[in-house]
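Structure first, then comments.
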Amino acid sequence: MSTKRIAIAGLGEIGRTVARKLAQGLPGLTLAAIATRDRAKAKAWLDREGISCPLVSLDELPGHADLVVECAPAAILDQICRPMLTAGKQVMVLSASALLPRPDLVDLARAHGGQIIVPTGALIGFDAVSAAAEGTIHSVQMMTRKPPGGLAGAPYLVENGISMDGLASALCVFKGSARDAAAAFPANVNVVAALSLAGIGPDRTTIEIWADPAVTRNCHQIRVESDSASFTMSIENIPSENPKTGRITALSVIAALRKLTSALQVGT
Ligand SMILES: NC(=O)C1=CN([C@@H]2O[C@H](COP(=O)(O)OP(=O)(O)OC[C@H]3O[C@@H](n4cnc5c(N)ncnc54)[C@H](OP(=O)(O)O)[C@@H]3O)[C@@H](O)[C@H]2O)C=CC1
Ligand SMILES: O=C([O-])CC(=O)C(=O)O
């Protein structure tokens, strides 16, 4: 069986966990290349882990890989996707917020036979949402509650002078569409961007974002009303070393990668 070559763009919280797993071995997949900003730091980490893998630049990725896992800052989504999609290859996108204003990347994939895969990531239930979307979904509403540190520094908070320092009780910091939330909190609610793509799109999917000093986890609740089912789902994510990113995110990537070559696929 030929192996699929997987590269990683961004060796941070998600990238390191995925690299470690690929190096340990996932059936039918090889760790083919890594692109990151600080090569010396990446090399030191790879040496410590005993992983041998070429470090390359973003534009070299298509020459090394069939699929790139994008787990880098949202600002460089285009630089990662464009060369891979033009070459007719696949990109697994974690920076889903950055994908919403770039439908041209989906057009590019379509034109060249490439593919963008958005995994469930830190959320839950995209199987049910995408099944319901085959019928008629009336509404998708989400509520996110995070420790203040998981939201600190978001452009919306900075621009509106909303401080997370010494917050004593839960504060609703945003209410609006997934599209507006993704622009306002690009590194904090990729989940709602991805949910909107699975369901009824970024303008009809709505979200409330709360900064809550009483929670230690990134908590997401989703309510879907459709002509086939009504359902509510909730998940409480344990933050990783990056307080914005739940630990389950990298595991979702690994599960999605495993499905690419698996003889048995379970779930939509
Ligand atoms: N869809 C979802 O459910 C979720 C999505 N995310 C998103 O996934 C992405 C990755 O998250 P996470 O791993 O926690 O982020 P981290 O901040 O931990 O890691 C990002 C990495 O990207 C690297 N990087 C920065 N600039 C470049 C560049 N020019 N080229 C290549 N690499 C670069 C950094 O490298 P260096 O160390 O050298 O500076 C850093 O290690 C983020 O956009 C995040 O918002 C996160 C959680 C859930
Ligand atoms: O969506 C994100 O960027 C991260 C998130 O909420 C989580 O990890 O729970």
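The values are calculated or read from the model by the stated rules, or taken from the named source; none is laboratory data. The structure presented is a predicted model; accordingly, all values stated were derived computationally and were not measured. When we count neighbours, we look across all protein chains shown, and the Cβ atoms used for this are built from the backbone with ideal geometry, even at glycine. Keep in mind that these areas ignore ligands, DNA and RNA; they rest on the heavy atoms of the full protein, side chains included. Shrake-Rupley method; radii C 1.70, N 1.55, O 1.52, S 1.80 Å.
The test for being aliphatic (A, V, I, L, M), away from ligand 1 (no atom under 14 Å from the Cβ) and either surrounded by fewer than 17 Cβ atoms within 10 Å (Cβ to Cβ) or not assigned by TED's automatic domain parsing to the domain that holds V191 (or both) does not hold for I80. The residues of the range 38-62 that are closer than 18 Å to I76 by Cα, surrounded by fewer than 17 Cβ atoms within 10 Å (Cβ to Cβ) and either touching a residue at least 12 places away in the same chain (Cβ under 8 Å) or in contact with a helix residue (DSSP H, G or I) (Cβ under 8 Å, 6 or more places away or on another chain) (or both), listed by number, are R39, L55, S57, D59, E60.
Scanning the range 203-217 for residues that are more than 14 Å from ligand 1 (Cβ to nearest atom), open to solvent by 20 Å² or more (accessible area, probe 1.4 Å) and not in a strand (DSSP E or B) returns D203, R204, P213, A214, V215, T216. Among residues belonging to the range 84-97 that are part of a helix (DSSP H, G or I) and away from ligand 1 (no atom under 13 Å from the Cβ), point out the one that is surrounded by the most Cβ atoms within 10 Å (Cβ to Cβ). So, considering only residues that are part of a helix (DSSP H, G or I) and away from ligand 1 (no atom under 13 Å from the Cβ), the one surrounded by the most Cβ atoms within 10 Å (Cβ to Cβ) is M84.
Screening the candidates D127, D104, D165, D180 for the property of being at pLDDT below 95 and among the acidic types (D, E) yields one hit, D165. E70 meets all of the listed conditions (1) charged (D, E, K, R); (2) more than 17 Å from the chain's Cα centre (by Cα); (3) buried (at least 19 other Cβ atoms within 10 Å of the Cβ) but one, namely (2). Select from the range 8-33 the residues that are touching a Pro at 6+ places or on another chain (Cβ under 9 Å) and either free of Cβ contacts under 8 Å to residues at least 24 places away in the same chain or more than 9 Å from ligand 1 (Cβ to nearest atom) (or both) and list them in ascending order. Listed by number, the residues that qualify are A32, A33. One residue stands out among those in the range 16-33 that are under 14 Å from E49 (Cα atoms) and of a type in the set (V, I, T): the one that is least open to solvent (accessible area, probe 1.4 Å), which is V18. Looking at the structure I just gave you, is R102 closer than 16 Å to P202 by Cα, open to solvent by 30 Å² or more (accessible area, probe 1.4 Å) and over 14 Å from the mean Cα position of the chain (by Cα)? The answer is yes for R102.
Quick check, is S252 in contact with a Leu (Cβ under 9 Å, 6 or more places away or on another chain), of a type in the set (G, A, S), not in a loop (DSSP other than H, G, I, E, B) and not assigned by TED's automatic domain parsing to the domain that holds G166?
yes
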